[in-house]
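**Student:** So that we are looking at the same thing, I have put the structure below in structure tokens.
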């Protein structure tokens, strides 16, 4: 990690605390997956500080490993992110509370303070115990969906998604999807480029929530193990508007033009030009939604030849002109 290029400058006095609530019987992967995501993001310069707390100084995990020297439950503020990791839950034990009275009060107070509360797998049961699922869309492990719905009928359970964000509460399906949830939160906090780097460093395929219509070109087309192609993708992402020839890109990859074109297409499913166009269109979508720039100014800002070229490409991909896309929606979404 020492040689990584920092994507964000870190102000040590302005870090966001990620507080992991470690309950007895915690599943190690439910805890370790999100921990690794946030820790990797921090290694790239994202201002996260990780804290592990519990009502006990030591707990035994579902897999038998003891986790010791846990911090006491801290005072929480609105800037904090709380992660309730999943625990082992036998069907015969689902009627019992996962939280002792002190931890229950702490979780309620954390939500009242404005902290973002999240859960992995059966951690959703703990959120349900304190009323955080009432009236919200949420999810949990597929084996618990029906039980959770019966136990908390005011919750709107979704059973075919990896994670759900709803009004300051995020729930995930559990096990590996806890990493997907964590990646989505890193993306919300620090953008698509950072989460693409985190995903690539962790050598994981980035999966998106099935109910989420927006897909980022900065995140897609990265599920491959070709360092030379990633190097070119990194450069294109950082120099969206700059003109560059295929020969220049091949030189970055240290390949011949012919071999580079073949390897890039095999790795991403797109030609280098198509990939560059996707990146430019995504930046254009942001500018159309969030700025008062004219269509021509957006085209120039994103590296298109002119407004006419931009309009033609936009219409080819999305079926409507960019002016109509801007007029039709205050929340411009791109789907590829």
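**Student:** Starting from 0.36 nm per residue, how many nanometres of slack lie between residue 327 and residue 105 once their C-alpha separation is accounted for? Intermediate values should be presented prior to the final figure.
**Tutor:** Values: separation 222, 0.36 × 222 = 79.92 nm, distance 4.67 nm.
So the extension gain works out to 75.3 nm.
**Student:** What is the chain's relative contact order, in percent, from Cα pairs under 8 angstrom and six or more apart in sequence?
**Tutor:** Taking the mean separation of contacting Cα pairs over the length of the chain, I get 12 percent.
**Student:** Next up: When the chain is fully extended, how far beyond the present Cα-Cα distance does residue 176 get from residue 286, taking 0.36 nm per residue of separation? Could the numbers behind the result be given before it?
**Tutor:** Details: separation 110, 0.36 × 110 = 39.60 nm, distance 3.05 nm.
So the extension gain works out to 36.5 nm.
**Student:** Helix 28-43 versus the longest principal axis of the chain: what angle, 0 to 90°, nearest 10, using Cα atoms?
**Tutor:** 40
**Student:** Rg over Rh of the chain, using C-alpha atoms and the Kirkwood radius, what does it come to?
**Tutor:** With Rh from the inverse mean 1/r over Cα pairs, Rg/Rh is 1.02.
**Student:** Here's something else I'd like to know. If you count the DSSP beta bridges with both ends in the chain, what percent of them are antiparallel, to the nearest 5?
**Tutor:** Within the chain, antiparallel bridges account for around 25 percent of the total.
**Student:** Sticking with this one: Quick one: Cα centre-to-centre distance for the range 249-283 and the range 52-93, in angstrom?
**Tutor:** What the calculation gives is 45 Å, centre to centre.
**Student:** How high is the FRET efficiency from residue 77 to residue 293, r the C-beta distance, R0 35 Å, rounded to 0.05?
**Tutor:** E between residue 77 and residue 293, to the nearest 0.05, is 0.40.
**Student:** 222 nm [θ] for the chain, helices only, -39500 (n - 2.57) per DSSP H run of 4+, per residue, to 500? Spell out each step's value before the answer.
**Tutor:** Values: 13 runs with 145 residues, N = 336.
After summing the helix terms and dividing by the residues of the chain, the value is -13000 deg cm²/dmol.
**Student:** State the extension gain, in nm to one decimal, for the chain segment bounded by residue 308 and residue 15, taking 0.36 nm per residue of separation less the distance between their alpha-carbons.
**Tutor:** Contour length minus Cα-Cα distance gives 101.0 nm.
**Student:** If packing is taken as the mean number of other Cβ atoms within 10 Å per residue, what is the order of 132-139, 46-53, highest first? List each step's numbers first, then the result.
**Tutor:** Working: 132-139: 22.1, 46-53: 17.4.
In descending order of packing, they fall as 132-139, 46-53.
**Student:** I'd like the Kirkwood hydrodynamic radius of the range 213-336, using the inverse of the mean 1/r over distinct C-alpha pairs, in Å.
**Tutor:** On the way: mean 1/r = 0.0663 Å⁻¹.
Evaluated over the range 213-336, this radius sits at 15.1 Å.
**Student:** Moving on to the next point. Which order do the peptides 275-281, 295-301 come out in when sorted by mean C-beta neighbours inside 10 angstrom, highest first? If you can, show how the numbers build up before the last one.
**Tutor:** Numbers: 275-281: 21.7, 295-301: 18.1.
My ranking of the peptides, most packed first, is 275-281, 295-301.
The numbers here are math on the coordinates, done by the rules we state, and not lab data. Because the structure is predicted, anything quoted here is derived from the model rather than measured. Here the Cβ is made from the backbone with ideal geometry for all residues, glycine too, and neighbour counts use every protein chain on show.
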